[in-house]
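The values are calculated or read from the model by the stated rules, or taken from the named source; none is laboratory data. Computed from a prediction, not measured in an experiment: that's the story for all the values here. Positions of Cβ are generated from backbone atoms using ideal geometry, with glycine treated the same way; all protein chains shown enter the neighbour counts.
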Amino acid sequence: QAVPGGAGFNTALGDGVDVLMGGGANHWTPYSASNKGGRADGRDLTAELSAQGYQYVTTQSDLAKIESGKVLGLFSAKSHLDY
């Protein structure tokens, strides 16, 4: 639903959401032996969004470097962010 032009994309979002942030990076990448929580469809949504111009960040310091543009920030490799 988040990747413009991808399967299930919500066309009401036009050219996509400007900022997507959260945790659960494992759910955005393909299933593998080391990524049991990965996507069964084999899609790597982080790569798909990067190819469409999104800046993919995983740390606060990387996020602080962004001045403009679309952003995908996934700050936890597994499931939810730490509380």
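Some notes on this structure:
- Failed item in (1) at pLDDT below 95; (2) of a type outside the set (Asp, Glu); (3) part of a loop (DSSP other than H, G, I, E, B), with Ala12 passing the rest: (3)
- Pick from the stretch 19-59, criterion charged (D, E, K, R) and exposed (fewer than 11 other Cβ atoms within 10 Å of the Cβ), ranking: modelled with the highest pLDDT: Asp41
- Residue in the stretch 61-74 that is part of a loop (DSSP other than H, G, I, E, B), at pLDDT below 95, out of contact with any Leu (no Cβ under 9 Å at 6 or more places or on another chain) and surrounded by 11 or more Cβ atoms within 10 Å (Cβ to Cβ) present: no
- Selection status of Leu81, surrounded by fewer than 16 Cβ atoms within 10 Å (Cβ to Cβ), outside any strand (DSSP E or B) and at pLDDT below 95: yes
- Residues being over 17 Å from Pro4 (Cβ atoms) and either touching a residue at least 40 places away in the same chain (Cβ under 8 Å) or of a type outside the set (D, E, K, R) (or both) - total across the stretch 25-50: 14
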